[in-house]
Amino acid sequence: MDNWDKINAVQRMQDYIHEHITEPITLHKLAEAARYSPWHSSRIFKELTGKTPFAYIRELRLSQAAVKLLDNNAKIIDVALDFVFDSHEGFTRAFSKQFGVTPQYFSKNAPQFKLFMPIRIRDSYLKMQKGEDNMEKSNKPNTVFVQVIERPARKLILKRGIKATDYFEYCEEVGCDIWDVLTGIKDAMYEPIGMWLPENLRRPGTSVYCQGVEVPVNYSGDVPEGFEIIDLPPCKMMVFQGQPYDDEKYMEAISELWEVMNNYNPEIYGFKWADEDGPRFQLAPMGYRGYIEARPVRQLNEK
């Protein structure tokens, strides 16, 4: 059995899981999809994804169930049954283990949470393919985690560029010391960010990409010379976080995450893109935490 036989077999199992996530899934059915024995199918699935088939199924079901619980009209028992849990109690145990809170607490408080978002095996390996020897040596495809967070009403101190569409063009236009200025702003709510501004936040003759830092809505401190301050409304952000990487490979880490984001359909988890709600942003690439980028979203039932 060569590499591509295994990759295609695991991809068929992934496809089966995603198509039948709200139905009972047995190892026998997965083996039929893979076209190998149950034992061999389970072994190669864990080899390529890093998870057993049933750990993968459980995390995916719980992530999709978590999104459903954000709907105020959703009943916990209905969500549990929708995702093939036999009882309220069993669902509560599994959910609490996954997210650290009970479904009831989650539905009432909507805390920050991480969604399990697996990468398609075939797509990942096609990207890594550089000959059979490198395929053998390559690491397992990384899992990208997605966290949905609430951003309150706030202000944004930013420095606009002229025509920049990315970090490197921005540095050429305004210099690379903007980050140090932003880091020194007191009362900042979060760390500085690089941003792609939506059309409603741009000004004629200024860049799509810029850098800034968010401060409280009642901020009354200094705004550095050449910077400006604007209001941002409350919004939800879908934060994508890759696995840790070697610092010198930061461009590869960014490219991999961009590929995932560009092909990602948020409707799977009950959201839609809402770029007009705020800037898409990136955090400074730091290998120990993985590359992180975020994009505004709204729930599908939200106007």
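Any residue at all in the range 61-77 that is crowded, with 16+ Cβ neighbours inside 10 Å, among the basic types (Lys, Arg) and either at pLDDT below 90 or within 21 Å of the chain's Cα centre (by Cα) (or both)?
yes
Identify, please: which residue in the range 81-90 is of a type outside the set (Asp, Glu) and over 12 Å from residue 63 (Cα atoms) and is, among those, surrounded by the most Cβ atoms within 10 Å (Cβ to Cβ)?
Out of the qualifying residues, it is 85.
Mind checking which residues of the range 258-283 are part of a helix (DSSP H, G or I), of a type in the set (A, V, I, L, M, F, W, C) and either closer than 22 Å to residue 207 by Cβ or free of Cβ contacts under 8 Å to residues at least 60 places away in the same chain (or both)?
258, 261
Does the range 12-27 include one or more residues that are crowded, with 19+ Cβ neighbours inside 10 Å, touching a residue at least 60 places away in the same chain (Cβ under 8 Å) and within 27 Å of the chain's Cα centre (by Cα)?
yes
Residue by residue, here is whether (1) of a type in the set (Phe, Trp, Tyr); (2) surrounded by fewer than 16 Cβ atoms within 10 Å (Cβ to Cβ); (3) under 15 Å from residue 149 (Cα atoms); (4) modelled with pLDDT of 90 or more holds:
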| site | (1), (2), (3), (4) |
| --- | --- |
| 246 | no, yes, no, no |
| 255 | no, yes, no, no |
| 277 | no, no, yes, yes |
| 280 | no, no, yes, yes |
| 285 | no, no, no, no |
| 288 | yes, yes, no, no |
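Could you check residue 269 against (1) closer than 30 Å to residue 73 by Cβ; (2) surrounded by fewer than 20 Cβ atoms within 10 Å (Cβ to Cβ); (3) at pLDDT below 85 and say which number it fails?
(2)
If I ask for residues that are free of Cβ contacts under 8 Å to residues at least 24 places away in the same chain and aliphatic (A, V, I, L, M), which ones from the range 166-225 would you list?
174
Hey, can you tell me all the residues within the range 50-99 that are in contact with a strand residue (DSSP E or B) (Cβ under 9 Å, 6 or more places away or on another chain) and not charged (D, E, K, R)?
Listed by number, the residues that qualify are 56, 60, 62, 63, 64, 66, 67, 70, 98, 99.
If residue 105 passes every condition in (1) among the hydroxyl-bearing types (Ser, Thr, Tyr); (2) free of Cβ contacts under 8 Å to residues at least 24 places away in the same chain; (3) more than 30 Å from residue 236 (Cβ to Cβ) but one, which one does it miss?
(3)
Quick check: is even one residue across the range 55-64 polar (S, T, N, Q), part of a helix (DSSP H, G or I) and touching a residue at least 40 places away in the same chain (Cβ under 8 Å)?
yes
Can you tell me how many residues within the range 143-171 are in contact with a Gly (Cβ under 6 Å, 6 or more places away or on another chain) and outside any strand (DSSP E or B)?
2
Go through (1) modelled with pLDDT of 80 or more; (2) closer than 28 Å to residue 261 by Cα; (3) not small (Gly, Ala, Ser) one by one and return the number of the condition residue 127 breaks.
(1)
Taking the options 213, 239, name whichever one is under 17 Å from residue 280 (Cα atoms), outside any loop (DSSP other than H, G, I, E, B), of a type in the set (Val, Ile, Thr) and not assigned by TED's automatic domain parsing to the domain that holds residue 175.
239
Looking only at the range 14-33, count every residue that is assigned to a helix (DSSP H, G or I) and under 20 Å from residue 269 (Cα atoms) and tell me the total.
Going through the range 14-33 one residue at a time, the tally reaches 6.
The values are calculated or read from the model by the stated rules, or taken from the named source; none is laboratory data. These numbers were taken from a predicted model, which means no experiment stands behind them. Please note: Cβ atoms are built from the backbone with ideal geometry, for glycine as well, and neighbour counts cover all protein chains shown.
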